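Encoded as structure tokens, the structure appears first; notes follow it.
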Amino acid sequence: MTDIILHHYDLSPFSEKVRLAMGHKGLDWRSVIVESVPPRPMLDLLTGGYRRIPVLQIGADVFCDTEVIFAALERVKATPTLYPQGEGIAKALSLWWDRATWKPAIGVLVAHIGEHLPQEFIDDRRDHYLGYDVSKEGMAPMLPTYVQQLTAYGEWLSSMLSQNGPFLTGDSLSAADLTCHHSLWLLRANAGADAIDAQLHLGSDVTDWMDRVAAVGHGSKTDMASEEAVAAAKAAEPDPAHLPQGEDPSGIAMGTRVTVTPDDNARVPVTGTMVAANAQEVVVAIETEETGTLHVHFPRAGFETLPV
């Protein structure tokens, strides 16, 4: 089987979602560690300049954003599924959680460890990624609000668990659990579980659920250099099995040069030729001398696809 390659860094919470998905499915995978702050020249060759982490690579197919990464992993190994109660509830809950908790989680995090953040990280997130100041001083005025928001959301998790069972949507772990786990994982891993649990009033039902999610592990990983990943892409051809079936709902014709851009932050467009699309996913072809032809995959929700 073609190697599953994850481009990530250790403290990336969105990468933790994917690492846990690998563990849930019992997958073997290759680990390419990238810098938390660009430039990332080898990865740019594979993505056309997409700057968010993580990125999954399977041969000459490159998957940007955890939604299409999860879809790719479902094709690679269907069971155990990431969507035991269906895709709708898990995807909707995941999109809401990612967007609702991200800024409050950063605010609480920097209140605990902001003095240790490198200045280049702060500058990058302010000027090129998030658009606001993530320094300890910059986030401090809103800290009470961030704590209020995360505490409210924690109570919602508690309510879901009391209604549905050991996991948020039922008896089995789903993509929703992996997503809702990651913001709290980021805080507890960096600021200490006891401090965060007390500050956000997290009960034992939520922390026990955190433990159940973490227990799936990360699967089996082997380190890989970024140059090896680029060489693997060039040696492969895009796999038609990863192309979405259907038509583009906006009527953009296949073969059109398009840009694909996140609609919230890190709004760096990727330009390519649209080769497949449906209501859930769009795929663009890019080509460089170093990589050959690649298919780069994006979800529709959360992204804007427009003709050049």
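Brief remarks on what is shown
- Pairs meeting the criteria (first residue in the range 119-145 and β-branched (V, I, T), second residue in a helix (DSSP H, G or I), beta carbons under 7 Å, at least 6 apart or on different chains) are V134/I106; V134/V110; V134/I122; V134/R125; V134/R126.
- Subset tally (residues that are closer than 23 Å to L93 by Cα and crowded, with 17+ Cβ neighbours inside 10 Å) for the range 103-132: 7
- Within the range 30-60, tally of residues that are assigned to a strand (DSSP E or B), buried (at least 23 other Cβ atoms within 10 Å of the Cβ) and not β-branched (V, I, T): 2
- Look at (1) of a type outside the set (S, T, N, Q); (2) over 16 Å from L43 (Cα atoms); (3) touching a helix residue (DSSP H, G or I) at 6+ places or on another chain (Cβ under 6 Å) and you find that F303 fails only one, number (3).
- D177 in contact with a strand residue (DSSP E or B) (Cβ under 8 Å, 6 or more places away or on another chain) and not assigned by TED's automatic domain parsing to the domain that holds G292: yes
- One residue alone among R99, R75 is surrounded by fewer than 21 Cβ atoms within 10 Å (Cβ to Cβ) and out of contact with any helix residue (DSSP H, G or I) (no Cβ under 7 Å at 6 or more places or on another chain), and that residue is R99.
- Matching residues, the range 1-29, being within 30 Å of D211 (Cβ to Cβ) and in a loop (DSSP other than H, G, I, E, B): Y9, D10, L11, S12, G26, L27
- Flag: T305 matches the condition of being surrounded by 19 or more Cβ atoms within 10 Å (Cβ to Cβ), at negative phi and of a type in the set (S, T, Y).
- Selection of the range 292-308 for residues being among the small types (G, A, S) and outside any strand (DSSP E or B) yields A301, G302.
- If you check S94, S135 for being crowded, with 19+ Cβ neighbours inside 10 Å and among the hydroxyl-bearing types (S, T, Y), only one passes: S94.
- Among (1) surrounded by fewer than 18 Cβ atoms within 10 Å (Cβ to Cβ); (2) in contact with a Cys (Cβ under 9 Å, 6 or more places away or on another chain), the one test that L157 misses: (1)
- All positions within the range 263-288 that are within 19 Å of the chain's Cα centre (by Cα), among the charged types (D, E, K, R) and part of a strand (DSSP E or B): E281
- Test: M254 is farther than 23 Å from K91 by Cα, crowded, with 18+ Cβ neighbours inside 10 Å and outside the structural domain of L157 (by TED's automatic domain parsing): no
- Residues located in the range 257-294, provided they are surrounded by fewer than 17 Cβ atoms within 10 Å (Cβ to Cβ), touching a helix residue (DSSP H, G or I) at 6+ places or on another chain (Cβ under 6 Å) and under 17 Å from H242 (Cβ atoms): G292
The values are calculated or read from the model by the stated rules, or taken from the named source; none is laboratory data. Just so it is clear, the model here is predicted, and its values are computed rather than measured. So basically every Cβ, Gly included, is an ideal-geometry build from the backbone, and we count neighbours across all protein chains shown.
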